[in-house]
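Okay, so here's the structure we're looking at.
Please treat every number below as a calculation from the coordinates, not as lab data. On a predicted model such as this, the values are computed, not experimentally measured, just so you know. Every residue, glycine as well, gets a Cβ built from its backbone with ideal geometry; the counts of neighbours run over all protein chains shown.
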Amino acid sequence: MPFLNNLFGNLQDLISSWLAGFLPQWGVDLAMMAITTVALLAFLVVVVMYLTYLERKVLGRIADRPGPNRVGPLGLFQPFADVLKLIIKEATTPQGVDYPTYILAPILIVAPALLVYAVIPFGPRMVPTDINVALLFVVAISSVATLALLMGGWGSGNKYSLLGGMRAVAQMISYELPLAFAFLGVVLVTGSLSLVKIVEGQPGYPLALAQPIGFLIALICVVAESNRAPFDLPEAESELVAGYHTEYGGVRFAMFFLAEYIEMFTGSAMVALLFLGGWRGPILPPYVWMLIKVYAVLFFMFWLRGTFPRLRVDQLMGLSWKFLLPLGMVNVIVMAFIDKLHLPGGFLPGLAASIVILAVAGGVVRIGRRSPAVRTARPGLRVKEA
Amino acid sequence: MLRTETLSINMGPQHPSTHGVFRMVLTLDGERVVDLVPHFGYLHRGIEKLAEGRTYLQNVPFTDRLDYISGMSNNLAYALAVEKLAGMGPMPERAEYLRVIMAELTRLANHCVAIGFLLNDLGAFFTPVLYCLRQREYIVDLFEMASGSRMTPSYIRPGGVAGDVPPEFLPAVRKLLAQMPSFIDQLDQLLTGNEILMARMQGVGVLPPERAVALGVTGPLLRASGVPYDVRTAEPYSVYGQLDFDVVTEQGQDAYARYLVRIGEMRQSVRILEQALARLPEGPVMAEGVKRIRPPAGEAYARIEAPKGELGFYLVSDGTPNPYRYHIRATSLANLGALRDMCIGHLVADVVIILGSIDITLGEVDR
Amino acid sequence: MSESDTISRLQAALPDARVQPVEGAKDPTFLVEGDLLQAAAWLRAEGGYDFLSSVTGVDRGDHFEVVYHLYRTQGGGPLVLKVAGPWEKAEVPSLVGVWPAAELQEREAYDLLGITFLGHPDPRRILLWEGFPGHPLRRSFENKTFAHAEMRATMTSDEVPHAEN
């Protein structure tokens, strides 16, 4: 068990000591960095490929159908077929595009998505670099994807793509703030921005129990950040607007696709690290626990996609600014109080306070909403009477 | 104030959510719809003209292809019109009960499709569609058993029905009816209380009752605006007069109310089916001597409560075996008259939902 | 109140409308030889016939007829109204002001039969393209298939302003 637990740590030591045999120290460091990067990228790519497969299987099962089951046993080679199809497609460039923006957008959306994995730990010694502002790093770098969306929308030279891109940007910006507040609640308790220390600083129970509001907000915002249903308005085809990635084909589209799934994985990883206890858990090695928790959150995301209809753009923004943000702020204040007062009972004070806050919030929402019986549309212009 | 221009946008005729080849030209002020002009006719096949060259019996297959989702109902409306025109007496009882059974099964199938595809437009990734289509599969299997064809049965004909149902039909219907209520409950549980669904459909596409009646709108659209008008009770045809059911009415006037009306109608259909099955008598299924239909000169108009609303056939005869004039009062055409009123003032995203809640089939609109 | 009672009251109230019952019809049918608009408005307001089910035209060879089927949402009907006229002057007042339901169905009667409805707010063809030669449902129309080139050649309007892209 201890061997398995420290598997990657031991591997690291093994390789670096072997390299030290014939390389100077800076060479060893450089080589280790290179190996880590390559290993991480390979892991991510395989994970994302099979994430698409898993999603289609889960969605299929929710809809009472089998999902991919043709390509290979149980359809396991489906991702290879998808990737191959995307790669061999002709990458057409429409005529009215702004070429530098158009070409940079897919690159700029994948790069930050991959970059955050430099600081995400999968186990106590399994993080490429453990900087002490890791959480800030993740949030900041993820925001660059917003710029890339706008570039994709604008560079396409298509009015509807621009509208779709702008909507996507509005959505992503709106959901970053409540996410930051949710994360802030955890940082208060664990006292550090470093992801490794956050996990280590957590008490024996998952913080989702002590800060359920933060957990729920984080879940919702993470789904919204990766443009997943029910927040996938920017990519919806049954709406009028075409979406920011319509003019992209082949490998360029694959980049957008890749970025979306990587962001899903990142979001799930952050929720697992901050609210579900990270890699902590009995018996099994830490990285296995981490993966279990991440996949649990991912399954939740697939479940949401298969069940809920889509929110309209004004409802989406309303949800974030009028509900999640105030809730997040109240949550931080209350959690700060509870933490400083050192109340006994583990997670119970936090849980109780959260239930009270949610009840109050629910009451406020109900008062603010008119009765559903008859709500007329905004008058707008009068109908021409025949 | 800023002087803004309105934007003209074209939706369709190829569009994933327009339920057929239907085109709308929207005039937008920002995101709000200021005007809507529907264009259809892409599926116009000239059925009314073609019918003048064929005998009354040969026109039955044309009726399947009107609202192709609910084939049996169209057959029934046409059969009633021809029977009225020809002055045929009462049909054999078994035929009448079989007609009612088929009509109500059609209503179930149609509402399954309507609800499923409305949710597809809302973005619920295919799950409700597939659940509803699975139920519809059971129903169209029954149609295939009875008539040989799933979607275009041509089963209900002037004089009765084409042939008696095979012996495995009735047990299969009973089996379906046993599990249908739990399916409707499942759908209800999944969808009716869903926050997002309610937020997207409540207050969307409001149609006040006086306007609905003035526009000649019928079916779930009318009943969701609070007008309890159902042809099955207003002018009972076939054996509906002897069956016990409620007319489902909602007061919400919006898309959500229409959805609720359809769910309610599905439950009522199950109720009607159970009664019809219990009372189904033995006997012939086709009236005597209905080989060559040559009605005396005159005209007749017969209407039924098709799943989408009131479907009427206006037939004029000049004593020959072919109809002199064959007109179809199309449900969806009349319901489309309300589209513009309902969409003005709403956002673009709502137009798709309103169209889905009206539930049109272009085969009927264009004929 | 039965249909014939309603019509008696109508005949008393609006003698100008000159409403005559049509014998031998299966549903209560009445021919309006005078002012149709007045009769229709009266039927809606006083008779309570608020639901117009169907508007259609019939080509009777030497003359045309327009047939209206009316019902009451409170229960009652059908009441069938007819107007007739010669083909040389195929004009009928539009009833859109009384029953907005007539709008689309009158356009269809115009499109397929060529009956003009005076006062209709949107007198365009509805199912066929603008510029279609003739009116198909007339008995004199020779049914045929239109090749695409011929269709394009006869199209007179490009009614949709193409959205700029």
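Partner shielding of C:68-80 amounts to 3, given as the average count of beta-carbon atoms from other chains within 10 Å of each residue beta-carbon. Between the helical axis of B:169-191 and the longest alpha-carbon principal axis of chain B there is an angle of about 10 degrees.
With an a/c value of 1.5 or above and a/b larger than b/c for the gyration tensor axes a ≥ b ≥ c computed over the alpha-carbon atoms, the protein assembly as shown is described as prolate. Assuming charge only on the beta carbon of Lys and Arg (+1) and of Asp and Glu (-1), the dipole of the protein assembly as shown about its Cα centre is about 1420 debye to the nearest 20.
Hey, with R₀ at 35 Å, roughly what FRET efficiency would residue C:139 and residue C:9 work out to, going by the Cβ-Cβ distance, to 0.05? Write down the numbers at each step before the final one.
Values: r = 37 Å, r/R0 = 1.06.
After rounding, the FRET efficiency stands at 0.40.
Within 10 Å of each candidate Cβ there may be at most 13 other Cβ atoms; applying that plus a DSSP loop requirement, which GluC sites (Glu not before Pro) in segment B:285-332 survive? Qualifying residues, ordered by number: B:288. Of the GluC sites (Glu not before Pro) found in segment C:68-165, those that fall in a DSSP loop while having at most 11 other beta-carbon atoms within 10 Å are C:142, C:164.
Short-range pairs are left out: with C-alpha atoms under 8 Å and at least six residues apart, the relative contact order of chain B is 27 percent. Taking the protein assembly as shown as a whole, the Cys residues whose C-beta sits 4.7 Å or farther from every other Cys C-beta are A:221, B:343. Proximity of backbone amide H atoms, modeled 1.01 Å from N, is registered between residue B:299 and B:317, C:26 at under 5 Å, excluding neighbours fewer than 5 places apart on the same chain. Our coupling estimate for segment A:100-107, obtained by passing each phi through the Karplus curve with A = 6.51, B = -1.76, C = 1.60 and θ = phi - 60°, is x, 4, 4, 7, 6, 4, x, 5 Hz, Gly and Pro reported as x. Candidate cross-link partners of residue A:159 among the aspartates and glutamates, defined by an alpha-carbon separation under 18 Å and a same-chain spacing of 8 or more, comprise A:98, A:235, A:237, A:239, A:247, B:5, B:29, B:31, C:164.
Per-residue Karplus couplings for segment A:198-214, computed as 6.51 cos²θ - 1.76 cosθ + 1.60 with θ equal to phi - 60°, are listed in order as 4, 5, 5, x, 6, x, x, 10, x, 5, 4, 6, 7, 10, x, 5, x Hz, Gly and Pro entered as x.
Distant-in-sequence amide contacts of residue B:329, defined by a placed amide H-H separation under 5 Å and a gap of 5 or more residues or a different chain, comprise B:312, B:313, B:314. Using just its DSSP H runs of length 4 or more, each adding -39500 (n - 2.57), the protein assembly as shown gives a mean residue ellipticity at 222 nm of -16500 deg cm²/dmol after division by all residues. Shown here for segment C:86-163: trypsin sites (Lys or Arg not before Pro) in loop regions (DSSP other than H, G, I, E, B) with at most 13 other Cβ atoms within 10 Å, namely C:124, C:139, C:144.
Search the structure for amide H atoms under 5 Å from the amide H of residue B:157, placed 1.01 Å from N in the peptide plane, and list their residues when 5 or more places away or on another chain. It is B:162, by chain and number.
If r is the Cβ-Cβ distance from residue A:358 to residue C:147 and R0 is 41 Å, what FRET efficiency results, to the nearest 0.05? With a Förster radius of 41 Å, E is 0.05. Summarising the strand pairing of chain C, around 75 percent of its internal DSSP beta bridges are antiparallel. Note on the protein assembly as shown: antiparallel DSSP beta bridges, both residues inside, total approximately 90 percent of the bridges counted.
Between residue A:42 and residue A:93, how high is the FRET efficiency from 1/(1 + (r/R0)^6) when r is the Cβ-Cβ distance and R₀ = 30 Å? Nearest 0.05.
Efficiency at R0 = 30 Å is approximately 0.50.
The overall shape of segment A:11-134, judged from the alpha-carbon gyration tensor, is oblate: a/c is not under 1.5, and a/b is no greater than b/c. Let me test this: with uniform point scatterers at the alpha carbons of chain A, what is the Debye-based log₁₀ I(q)/I(0) at q = 0.09, 0.11, 0.15 1/Å? After summing over all Cα pairs, the log10 values are -0.61, -0.90, -1.47. In a fully extended conformation the segment linking residue A:18 and residue A:329 would gain 106.9 nm over its present Cα-Cα distance, using 0.36 nm per residue. Once you reduce segment A:159-177 and segment A:87-132 to the center of their Cα atoms, the two points are 18 Å from each other. In order along segment C:70-80, the phi-based Karplus estimate (6.51 cos²θ - 1.76 cosθ + 1.60, θ = phi - 60°) of 3J(HN,Hα) comes to 10, 9, 10, 6, 7, x, x, x, x, 10, 9 Hz; Gly and Pro are listed as x. Spin-label pair residue C:63-residue B:7: with each label point 7 Å from Cα along the Cα-Cβ axis, the two points sit 5.5 nm from one another.
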